[in-house]
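Here is the structure we will look at.
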Amino acid sequence: MFLAAIDGTAPLAGRERDRIAVPPPPSTVRVVELPPAVSLTVDGDSQRYSARAPGVSRAQVTELRQGRVRVEQTLDLHGETVERGLAMLRELCVGAAGKRCVLVVHGKGLHSEHGAPLREAVLAELLGPLSGFVHALATAAPADGGEGATYIMLRGPK
């Protein structure tokens with residue numbers, strides 16, 4: 001039926017065809033400016049830790065450390081490489097508009113030869129380049145992962 005329908009037609013010559021300009025696909029790279037870094041006050045030892053931005057009371061950090069602040073989002077980094085885990089953490093901080101408290105599960109490093117590289121990298125990132133997002137942070141309560149997780153109380157919009 002198809003061959004009968006196109007019987008007697010001839011292909012267009014190369015010069016008679018119209019070229020349609022196809023726009024390039026949009027860039028998948030999103031450029032986001034991080035807020036300026038803030039100097040956080042850090043307390044604790046090598047296992048349990050907390051940090052707070054200027055103006056944050058110790059009572060708020062205590063509530064966070066005890067798990068009394070409702071976690072609104074969880075990021076599980078188990079099995080991720082340090083690079084991929086940090087990229088996911090940055091995405092979480094940038095995209096967590098409207099969230100007050102998030103839980104990042106990074107593990108205790110029990111299956112690593114060199115301690116807890118992901119935990120150390122997450123803390124370094126939160127105390128460094130991502131500190132502008134952080135209101136306070138603390139080691140999670142045992143029910144939420146203990147030393148294998150970190151509560152992050154995010155700053156509200158300014």
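For this structure, a couple of remarks:
- Estimated D of the chain in µm² per second, where Rh is the Kirkwood radius over Cα pairs and Stokes-Einstein applies at 37 °C, 0.692 mPa s: 179 µm²/s
- Considering helices alone, the calculated mean residue ellipticity of the chain at 222 nm is -6500 deg cm²/dmol, with DSSP H runs of length four and up weighted by -39500 (n - 2.57) and normalised per residue.
- Spatially, the stretch 118-158 and the stretch 44-105 are offset by 3 Å when compared through their Cα centroids.
- Calculated FRET efficiency for the pair V94/T74, C-beta based, R₀ 25 Å, to 0.05: 0.90
- 0 to 90° range, to nearest 10: angle between helix 117-127 axis and the chain longest Cα axis: 80 degrees
- For the chain: relative contact order, % (alpha-carbon pairs under 8 angstrom, 6 or more apart): 27 percent
Each value in this text was obtained by applying a stated rule to the coordinates, not by laboratory testing. Keep in mind that what you see is a predicted model, and the values were worked out from it rather than measured. Using ideal geometry, Cβ is built from the backbone for each residue, glycine included, and neighbour counts are taken over all protein chains shown.
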